[in-house]
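Structure first, then comments.
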Amino acid sequence: MVQIAPSILSADFAKLGAEVRALEKAGADLIHLDVMDGHFVPNLTFGPMLVKAIRPYTTLPFDVHLMMTNPAPFIAEFARAGADMITVHLESDADIADLIALIKKEKKKAGISIRPKTSVSKLLPYLPMIDLVLVMSVEPGFGGQPFIKHSLEKIVELKALIGRKPVQISVDGGINNITAPACILAGADILVAGSYVFKHKLYERQIRQLKQSSEG
Ligand code: DX5
Ligand code: ZN
């Protein structure tokens, strides 16, 4: 069964604790937290202090997506703030193996994300070291963008590269009731969804629709 990771980027930032609690009640499997540094992407969000502040509101795993040029100095802080999975970008300036080692040192799951134009073959050296690949199906930086169809071919290709290795495939950007089943068919294990989950006040209905669409 596919897992749904609502992104709080589309939540009401004035009441994030309550939002996270509502997502758990609504059947979310993970909470996706988008950290943007204003440099790697043209947008700014939040840091470890906020992750720590909302940690007491849910027992769901925190899936922290670092859209940062230089994430290394912050990895331990995010881990201690309550992250369970930490994903860094292959296109960041840092040495990827070093970043993975920093995440593993904190005993957290390590993920690598790739932008829409980055080839999945570039992940090959890292697949034995990581737990998750986050395929960006929009250019990172903002919620509410349309799904880039070419991402489906990337998921299929990635699935073949992963083979029997214990690496999950997560897809982030433009997920809705139409694109979700296509991603599942291609091989996604986790769907990150921001605007689709939050566009209706009944989060439970939105999450159920994403899960159901992947069953049929
Ligand atoms: C975009 C973020 C996404 C974003 C997805 O840079 O990484 O997690 O919240 O938003 P939607 O689902 O609206 O495309
Ligand atoms: Zn994200």
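Observations on the structure shown:
- Selected residue [under 24 Å from ASP12 (Cα atoms), within 16 Å of the chain's Cα centre (by Cα) and modelled with pLDDT of 95 or more] from PRO116, PRO42, PRO61: PRO61
- Filtering segment 189-206 to residues that are open to solvent by less than 10 Å² (accessible area, probe 1.4 Å) and within 16 Å of the chain's Cα centre (by Cα) leaves ILE190, LEU191, VAL192, ALA193, VAL197.
- In the set ALA110, ALA28, only one residue is closer than 28 Å to THR179 by Cβ, surrounded by 17 or more Cβ atoms within 10 Å (Cβ to Cβ) and within 14 Å of ligand 1 (Cβ to nearest atom); that residue is ALA28.
- Evaluation of CYS183 against (1) closer than 23 Å to ARG208 by Cβ; (2) open to solvent by 30 Å² or more (accessible area, probe 1.4 Å) (one fails), failing number: (2)
- When MET36 is tested against (1) of a type in the set (A, V, I, L, M); (2) surrounded by fewer than 20 Cβ atoms within 10 Å (Cβ to Cβ); (3) more than 14 Å from LEU99 (Cα to Cα), just one condition goes unmet, and that condition is (2).
- Residue that is nearest to ILE103 (Cα to Cα) [pool: residues in segment 124-149 that are more than 8 Å from ligand 1 (Cβ to nearest atom) and charged (D, E, K, R)]: ASP131
- Only one entry in GLY38, GLY17, GLY27, GLY82 is in contact with a Pro (Cβ under 8 Å, 6 or more places away or on another chain) and of a type outside the set (Phe, Trp, Tyr), namely GLY17.
- Segment 173-195 residues that are at pLDDT 95 or above, paired with ones that are among the acidic types (Asp, Glu) and open to solvent by less than 20 Å² (accessible area, probe 1.4 Å) (beta carbon under 6 Å, 6 or more apart): VAL192/ASP172
The values are calculated or read from the model by the stated rules, or taken from the named source; none is laboratory data. Fair warning: this is a prediction, and the values are worked out from it, not measured in the lab. Backbone-built Cβ (ideal geometry, glycine too); neighbour counts: all protein chains shown. For accessibility, only protein heavy atoms count, side chains too; no ligands or nucleic acids. Shrake-Rupley method; radii C 1.70, N 1.55, O 1.52, S 1.80 Å.
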